[in-house]
1. Counting only protein heavy atoms and rolling a 1.4 Å probe, how much accessible area do A and B lose on contact, total for both sides, in Å² to 100?
2. Return the carbon/sulfur percentage of the accessible area of chain B, one whole number, probe 1.4 Å, all protein chains in place.
3. Percentage of Cα-Cα pair distances in segment A:63-118 greater than 14 Å, rounded to whole percent?
4. Determine the residues within segment A:104-130 where the difference in accessible area between the chain on its own and the full set of protein chains amounts to at least 40 Å²; count protein heavy atoms only and use a 1.4 Å probe.
5. Cα to Cα, under 19 Å, and not fewer than 8 places away if on the same chain: which aspartates and glutamates meet these conditions relative to B:Lys41?
6. Ignoring everything but the protein chains, give the 1.4 Å probe accessible area of A:Val179 in square angstrom, nearest 10.
7. Tell me the carbon and sulfur percent of the accessible area for segment A:123-260, rounded to whole percent, probe radius 1.4 Å.
8. Which value, in Å to one decimal place, does the Kirkwood hydrodynamic radius take for chain B when every pair of different Cα atoms is included?
Amino acid sequence: MLDWLQNIGQAGLRVFQRLGHATLFMLQILVSIPVLFRHPRLLIHELYSVGVLSLAIIVISGLTVGMVLGLQMYNTLVDFGTEDSLGPVVALSLVRELGPVLTALLFSGRAGSALTAEIGLMKATDQLSVMEMMAVDPLKRVVVPRYMAGVISMPLLAAMFSAVGILGSYMVGVGMLGVDDGAFWSQMQDKVMLDEDVLNGVIKSIVFGMAASWIAVFEGYDAVPTTEGVSRATTRTVVHTAFAVLGLDFVLTAIMFGDQ
Amino acid sequence: MSDTRVARQQDAMLVRINDLHYARGTRKILKGINIDIPRGKITTIMGPSGCGKTTLLRLIGGQLRPSQGGVTIADQNVHALNNTDLYQLRKRMGMLFQSGALFTHLSVFENVAFPLREHTNLSESLIRALVLMKLQAVGLRGARRLMPAELSGGMARRVALARAIALDPMIMMYDEPFTGQDPITVGVIMQLIRLLNDSLGMTSIIVSHDVQEVCAISDRLYMISDGYVVGEGGPDQLKQSDSGWVRQFMNALPDGPVPFHYPAPSYAQDLLQGLD
Ligand SMILES: Nc1ncnc2c1ncn2[C@@H]1O[C@H](COP(=O)(O)OP(=O)(O)OP(=O)(O)O)[C@@H](O)[C@H]1O
Ligand SMILES: [Mg+2]
């Protein structure tokens, strides 16, 4: 019984210790961000591998999610004779919720895990040490560009996801199921507010992007420098990002839409 | 008069390691090391595998913190420097890592060019000339377009050597420079180390087990065992040493005071004990 309590206590302490490490690490990243103004090419290279290479999965997922949404929502709406509001219903779910959340989850699976594995392997093969010995700060050279690339890419990818999703539901709703073309767009224009819905969605995706990138680079930098350690860190990145994004989503939603 | 002589003697030592202690968790690895590394000379640190030689180099480079004692380089205490000063100092230090540690996403050429691009504003043609010069010195000019994954272990370490010397550092640390090289390459690398040391006025620190090779090129040798310095002196001095530690190591004898085994209970006892 006492052992059990002790174990819980120790695990708790470890969690807080890691959180402390992660916070310090984040602060170090933040003060090092100006380095990107001097070496913009580092950022551009990472934007490509983090952002551009994630485009395919985001577009395909966005399209299918939009198509499925269109189909499901139509089936419900048509019972009430309100299938003309398919446009706003789909757009609101995508822009407010599904776009930011699903993009963040896909992002951590596609790009976050890769970031962790890359940084972790660089650590395991002494590449970070060798940089330090060459008087090149691996935090500035390796971590900061990857972190910023994630932060910048996420909102863009989420916007892409929502846009493609709306297109998917349009194809299904208007193209296949016979929803009125004009009503689809005009109702959407009417109901989706730029300052409430779109802006809040963008804020969500920015917050998720910061959290997902933070977790990914921290797990990589903090990984036990062995094959097994890196593989564990990669798994942790995906799992922790999922928890963080879903938890943050609830908090943000409560703040943004709770009083309506 | 004696004061100035003391001062000059001190000046002759570029790196001073003073009562250095280091522990990993509860395991003490270095237990009070004193080593002086003379300026412009080649100093070798020998010792059995796992005795903490790589650890010692990392302590000198300021990557690890000692639990007691310290390292001074050119009268600067490495572990008391702030980050900026430490990085300034490291710009003048080169280190060949035991594993090579090439950047896997860069070609051989870009690996060697990396420190030049980071720390100088040289033109592209000058960088090219310098990189080719360093690669020529290690015999791999023709391999400059290969990626690290396409190199053999020995080749990768030679590229790492070319990269480490790219900025012509003041202090060069070689962690096992001869491991994994064929006899011809060993000879070339020995000559290269000597040449760099003498022509550029470098100070070289070699970590190695290869007794014959290091005796041939070192000015001074230190032997470490079990966390202590157990022998020091010039090559001839050490060969004639009557210390059991030194004799065993220099002559590669299996029995003697240097433990071949990692600390363990007796073998027979261990076998009879059954499962843990
Ligand atoms: N990351 C680490 N964590 C825990 N212990 C370590 C770590 N790295 C090294 N050690 C321990 O420190 C001791 C010294 O290691 P070090 O790498 O300095 O040995 P070495 O003298 O360079 O050996 P070799 O000649 O085989 O390269 C070893 O016994 C090893 O068990
Ligand atoms: Mg070693």
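The values are calculated or read from the model by the stated rules, or taken from the named source; none is laboratory data. None of these values were measured; they are calculated from a predicted model. The area values use the complete protein model at the heavy-atom level, side chains included, leaving out ligands, DNA and RNA. Shrake-Rupley method; radii C 1.70, N 1.55, O 1.52, S 1.80 Å.
1. Values: alone 13790 and 14750 Å², together 26880 Å².
Roughly 1700 Å² of accessible surface disappears when A and B pair.
2. On the way: 7190 of 13960 Å².
C and S fraction of accessible area: 52 percent.
3. Details: 948 of 1540 pairs.
Considering segment A:63-118, 62 percent of its Cα-Cα pairs are separated by more than 14 Å.
4. Residues losing area: A:Asp126, A:Gln127, A:Val130.
5. B:Lys41 reaches B:Asp11, B:Asp75, B:Asp168, B:Asp175, B:Glu176, B:Asp198, B:Asp210, B:Glu213, B:Asp219, B:Glu232, B:Asp236.
6. Approximately 10 Å² of A:Val179 is accessible to the 1.4 Å probe.
7. On the way: 4060 of 6040 Å².
After summing per-atom areas, the C and S share lands at 67 percent.
8. 20.2
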